Each structure stands twice: as structure tokens, then as C-alpha cells.
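**Q** One structure follows; several queries about it will come next.
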Amino acid sequence: KAGVTQTPRYLIKTRGQQVTLSCSPISGHRSVSWYQQTPGQGLQFLFEYFSETQRNKGNFPGRFSGRQFSNSRSEMNVSTLELGDSALYLCASSFGTDLHEQYFGPGTRLTVT
Amino acid sequence: TQLLEQSPQFLSIQEGENLTVYCNSSSVFSSLQWYRQEPGEGPVLLVTVVTGGEVKKLKRLTFQFGDARKDSSLHITAAQPGDTGLYLCAGDGSGTSYGKLTFGQGTILTVHP
């Protein structure tokens, strides 16, 4: 079974720009979650989508948004990028029921200059 | 806001030594997961513990969930260089936080040959 894939793997953007990251979950998984990982803050939960609906949301500003498509693929968008948005963005999929065991992709390394 | 404190942050040991990583919170979690992450990759799920007092073994790794479901520990026996990596605990919230994973800051383990 193919794992979670994320594109692109690396991205360099300038302050003020916006960016869209993509995630394809494991086949059969209906839940997709996004996380931000930085050396200072660790791994922080952004949001979770299940069956195209946002089911959970972390404490991030509205510049961070996402969506999920009918095939469970998900995109995450960050508008008006700030230097502090530089991080590894991880997508994880799960069945979305009972135990929320996360299967992570390799991440997208975003650098904002 | 649910918080998970993980200790120690860094652990540098020789091959063959034993070690324990702790994960503590004042909040109750419906379940707790342990992940291991290597550079350039996403975290990989090691185990999920659900019941208070539960102990699970995975070869040389022993995981324990506290009786009150507020804390957990990971014990590695006879560590090997292949155990090197970032170990993360993650709690799945209860009540309105169900499905929202909270991660500890992580423990960077280095096992020297």
C-alpha cells in the first residue's frame, strides 16, 4: 500500500506571498491532518479534515486554511507569508475513527525569505 | 489547552545501555501514541496505548500508560545505534478535544556504537 505523499518537498517563498501544499493520503483513509514542525515549537496541530469537512482546528491564525476533496486528497494554503512560517509542514492520514493513529508523509520544507 | 511535557529533551548514550523517556501532562488523554522520526522523514507510529495502566512491548521497547491516563513512558533495553532518532509522544484529547493530537516537544536520542 502506498504511503502518504506530499508535494512539493521543498519550497522557497518571499514574505507576503501565498503558498499551497498538497497531500495524498493512504488509500482508504478518510481523515487528513496537517501539522507544523519547527525547532522551537515542535510539532503543532493545524487542522483535520474528514469527509471534506474540517473536524478539528488548532490555534493558528486564519492565514492558514485547508480543504479536502472527495477523493480525500487535501491541500493546505498559507496566505501573506511571514518569516515565522518557515517550517516543515507534515500531512498525516488516518481512518478517522476511534484511535487517531497518524500515518505521516515526508513533509514539505517551506522557507520564507 | 492540553500540554504534554516530554523529558529528557536530549539523551546521548552508549550502545547496550538502557533508557527511559517520560511524557507527562495534567490532562487526561483518551489514548497516547509514540512516534519515532528520523531526519528528512515524517514521524512513524510505534505504538498506541489506550487503557490506564496498559503496558505494551515492541521487541526491546516497552511502553506504559499511567493509571490516570495522564502520563506515559518509553523504556528501551540494550539500545542500539539504529534506535537513534527523535521520539515523540502524542496525546489524543478527550471531550471536545477528541481527535486533536497534542505532541510533546520530543526527545532526541543518540546511541553511540
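Just so you know, all these numbers are worked out from the coordinates, no wet-lab data involved. Predicted model only: the values in this text are computed from it and were never measured. So basically every Cβ, Gly included, is an ideal-geometry build from the backbone, and we count neighbours across all protein chains shown.
**Q** Roughly how far apart, in whole Å, are the Cα centres of the stretch A:45-100 and the stretch B:1-33?
**A** 26
**Q** Of all the stretches in chain B, which is the longest one without any exposed loop site, taking trypsin sites (Lys or Arg not before Pro) in a DSSP loop (any state but H, G, I, E, B) with at most 16 other Cβ atoms within 10 Å?
**A** On the way: sites that count: B:LYS59, B:ARG60.
Answer - B:1-58.
**Q** Could you compute the FRET efficiency for A:PHE95 and A:LEU11, with r as their C-beta to C-beta distance and R0 at 35 Å, rounded to 0.05? Each step should come with its number before you reach the end.
**A** On the way: r = 29 Å, r/R0 = 0.83.
Result of the calculation: an efficiency of 0.75.
**Q** Shifting gears a bit: DSSP loop (so not H, G, I, E, B), at most 14 other Cβ within 10 Å: list which chymotrypsin sites (Phe, Trp or Tyr not before Pro) in the stretch B:40-113 pass both filters. Numbers along the way, then the final one.
**A** Values: sites: B:PHE63, B:PHE65, B:TYR87, B:TYR98, B:PHE103; in loops: B:TYR98.
Answer in residue order: B:TYR98.
**Q** Considering only the other residues whose Cβ falls under 15 Å of the Cβ of B:GLY106, what net charge follows from Lys and Arg at +1 and Asp and Glu at -1? Before the final figure, lay out the partial values.
**A** Details: positive: B:ARG36; negative: B:GLU5, B:GLU38, B:GLU41, B:ASP83.
Once all neighbours under 15 Å are counted, the net charge is -3.
**Q** Can you pull the one-decimal nm distance between simple spin-label points at A:GLN41 and B:LEU3, each 7 Å off the Cα toward Cβ?
**A** Spacing of the two 7 Å Cα→Cβ label points: 1.6 nm.
**Q** Determine how many Å³ per residue the convex hull of the Cα atoms of the stretch B:29-113 encloses. Spell out each step's value before the answer.
**A** Details: hull volume 7.5 nm³, N = 85.
Measuring per residue, one finds 88 Å³ for the Cα hull of the stretch B:29-113.
**Q** When you take every Cα atom in chain A, what is the radius of gyration, and what is Dmax, the widest Cα pair distance, in Å?
**A** 13.2, 41
**Q** Let me check I've understood the local charge: for A:VAL78, count other residues with C-beta under 15 angstrom from its C-beta, Lys and Arg +1, Asp and Glu -1. What total comes out? Intermediate values should be presented prior to the final figure.
**A** Working: positive: A:LYS13, A:ARG15, A:LYS57, A:ARG63, A:ARG67, A:ARG109; negative: A:GLU75, A:GLU82, A:ASP85.
Combined, the nearby Lys, Arg, Asp and Glu give +3.
**Q** OK, next. Tell me the net charge near B:GLY40. Cut-off is 11 Å between Cβ atoms, B:GLY40 excluded, with +1 for each Lys or Arg and -1 for each Asp or Glu.
**A** Values: positive: A:ARG9, A:ARG109; negative: B:GLU38, B:GLU41.
Surrounding charge for B:GLY40 is 0.
**Q** Same structure again: Return the subset of B:LYS56/B:LYS100; A:LYS57/B:LYS59; A:LYS57/B:LYS57; B:LYS57/B:LYS100 for which the Cα-Cα distance in this structure is over 29 Å, preserving the input order.
**A** Long pairs (Cα-Cα over 29 Å): A:LYS57/B:LYS59; A:LYS57/B:LYS57.
**Q** Over chain B, what relative contact order in percent results from Cα pairs under 8 Å that are six or more residues apart? Before the final figure, lay out the partial values.
**A** Working: 299 pairs, mean separation 41.0, N = 113.
Relative CO of chain B lands at 36 percent.
**Q** Counting trypsin sites (Lys or Arg not before Pro) as exposed when in a DSSP loop with at most 12 other beta carbons within 10 Å, what is the longest stretch of chain A free of them? Don't skip to the end; give the middle numbers.
**A** On the way: sites that count: A:LYS1, A:ARG9, A:ARG15.
Longest site-free region, per DSSP loop and neighbour criteria: A:16-113.
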